[in-house]
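The values are calculated or read from the model by the stated rules, or taken from the named source; none is laboratory data. Everything numeric in this text was worked out from a predicted model, so none of it was measured. Because the Cβ atoms are built from the backbone with ideal geometry, glycine has one as well, and the counts that use them run over all protein chains shown. Please note that ligands, DNA and RNA were not included when accessible areas were found on the heavy atoms of the full protein model with its side chains. Shrake-Rupley method; radii C 1.70, N 1.55, O 1.52, S 1.80 Å.
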Amino acid sequence: MIEKNDALNFINKVHEYLDNALSENESSQFIKTIQNDPALLAILNRERNMRTFMKNNLQRKTVENKFIESIKGQLY
Amino acid sequence: MENGNSISREKKIEIFEREFLPHIEALKTFAFYLTYDEDEANDLVQDTYLKAFRFIEKYDKGTNAKAWLFKILKNAYINDYRKKSKQPDKVDFEEVINYHESEDLAQNRYFDLQEQIVENMMGDEITRALNSLPSEFRTVILLADIENFSYKEMAKILDIPVGTVRSRLFRARNMLKELLKKYAFSLGYKDYRGRKEEE
């Protein structure tokens, strides 16, 4: 049975890994540690999918050229 | 040179157009998800660019223009919010943040979300869930997951320690997943994890 603190540390590591907050060394060490554990890999993949989904589906705003021109017009 | 500044007007315009303007859609998206009002978002973006141009000497050319602009926009939003918060039915931004920060310490559990639920979600649903998060949590999700800012950059933009960025982000992601899960269950999805056989 995994300890609560270990589980939280693992989740924090997952976030740091996906947020590119780990060094190259730490990242490869992290992947090595979990690559043979399907349950841990599944958690990593779920977090990764969630972020990809967010990025792909959240509506991004566009800006019309006349808005840019109006800002420029106030400055120069 | 103007007003004793060290950058010529031509140089300012060059920096403005080459380094600042390419981020206008990212700023507009951020402003929109803070205000939920197209006009207010436009005002916020315009205000950001006017300030950026006025204080262009404070910007180190070739450094992280995007983070610098996001910080200006965030400050403009907070100042505007603070003005509004003087109305009796509004709360103080810092009070809200401090309340949630203290809550973070006590509530450090992880919330997982079944893959099938995410796969079946639509953009509208995730937007709705994001909309219902308090602004300080919405902000970190937008900065990290949509704009790819690092923890350090986010700490600078938000004027908070890196540790607070991490905990707020952790909490924000959990809250978002909880909202999505509730929404999915209301549509009839079930979470079968942990069951040995289908019912």
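Order the following by accessible area, largest value first: A:Phe67, B:Phe55. Probe radius 1.4 Å; ligands, DNA and RNA are ignored. Working shown, then result.
Numbers: A:Phe67 35, B:Phe55 85 Å².
Putting A:Phe67, B:Phe55 in descending order of accessible area: B:Phe55, A:Phe67.
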**Prompt:** Tell me, how many Å apart are the Cα centres for segment A:8-31 and for segment B:1-70?
**Reply:** 33
**Prompt:** So how many Å³ per residue does the convex hull of the Cα atoms of segment B:1-88 work out to?
**Reply:** 100
**Prompt:** Which whole number in µm²/s is D for chain A by Stokes-Einstein, with the Kirkwood Rh taken over Cα pairs at 20 °C and 1.002 mPa s?
**Reply:** 137
**Asked** So, in chain A, how many Lys pairs have Cα atoms under 25 Å apart, if the pair is 8 or more places apart or on different chains?
**Response** 5
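At most 12 other Cβ atoms within 10 Å and a DSSP loop assignment: could you name the GluC sites (Glu not before Pro) in chain A that fit?
A:Glu3, A:Glu64
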**Request:** Provide the per residue accessible area, probe 1.4 Å, for chain A, rounded to a whole number of square angstrom.
**Result:** 64
